[in-house]
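Only one structure is covered here, and it is reproduced in the block below.
The values are calculated or read from the model by the stated rules, or taken from the named source; none is laboratory data. Everything numeric here is computed off the predicted structure, so don't read it as measured data. Cβ placement follows ideal geometry from the backbone for every residue including glycine, while neighbour counts extend to all protein chains displayed.
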Amino acid sequence: MKRRYKVFICILFFILSISVAHSQQAEIRILHINDLHGFVEPHRSLGSNELFGGIAFLAGKVEKLRLEKHTLLLSAGDMTQGHNWANLFQGASVIDLMNVMRFDALVLGNHEFDFGQEVLKKRISEAKFPVLGANVEGLDGIKPYIIKEMEGVKVAIIGVTTEDTPASTHPRNVVGLKFLSPIETVENYIKDLTKRVDLVIVLSHLGPVCPGPNHGIVRRADR
């Protein structure tokens, strides 16, 4: 019997061991970041001379992990606004970085809208990865979801962002856009996608909320 899964990303590092047809096993690693806000330099703790982290370290680690098994690199938004390095280029520098790191998908965060819709559409056109926003209506260039096949496993990634975006960016930045209920949007897409794929990932910019008991990381459904 073929098993289908719904996965809600609430952690930074996750490995799935998936049962597919004919009792074969496939492992997929999910790497996830959010709210980078353009802060890419390493950090020096107070009283220490040692540097920690930074985007160069992260990029190198991602490449090493990719060599071990099939990997998805995802961002849950708020990447392109914040630090001067991002703001001076209206997020273009961050998109360039994400292209180099070969991100698989980005869901729009509320702060992706901070430079206005025309700038955002330019950033979307520059991205070499899909930009998701299933519950955002009226913005060109975004997709509700993507489907990727990895080790014979069909994976759907649905992207949803917060309904509070009109209140958490300047109202002029979202004129003409609609932000639908993330929950209802996901439920509607899952009805169709669970018939077509083996794994559904909900990539969301909704704050520190994880659905279901025990943070709802994995939920299975047999078909």
* Asked: Can you find a residue in region 108-117 that is over 21 Å from T165 (Cα atoms), part of a helix (DSSP H, G or I) and at pLDDT 95 or above?
  -> no
* **Of residues in region 51-88 being over 30 Å from S168 (Cβ atoms) and of a type in the set (D, E), the one surrounded by the fewest Cβ atoms within 10 Å (Cβ to Cβ)** => E68
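In region 136-148, is there at least one residue being touching a His at 6+ places or on another chain (Cβ under 8 Å), surrounded by 16 or more Cβ atoms within 10 Å (Cβ to Cβ) and at pLDDT 95 or above?
Quick first cut of region 136-148, residues touching a His at 6+ places or on another chain (Cβ under 8 Å) only: none.
Within region 136-148 (the criterion being touching a His at 6+ places or on another chain (Cβ under 8 Å), surrounded by 16 or more Cβ atoms within 10 Å (Cβ to Cβ) and at pLDDT 95 or above), the answer is no, since none of the residues qualifies.
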* Asked: What is the one condition in (1) modelled with pLDDT under 90; (2) closer than 13 Å to M98 by Cα that N49 does not satisfy?
  -> (2)
* **Out of I183, I95, sole residue that is modelled with pLDDT under 95 and part of a helix (DSSP H, G or I)** => I183
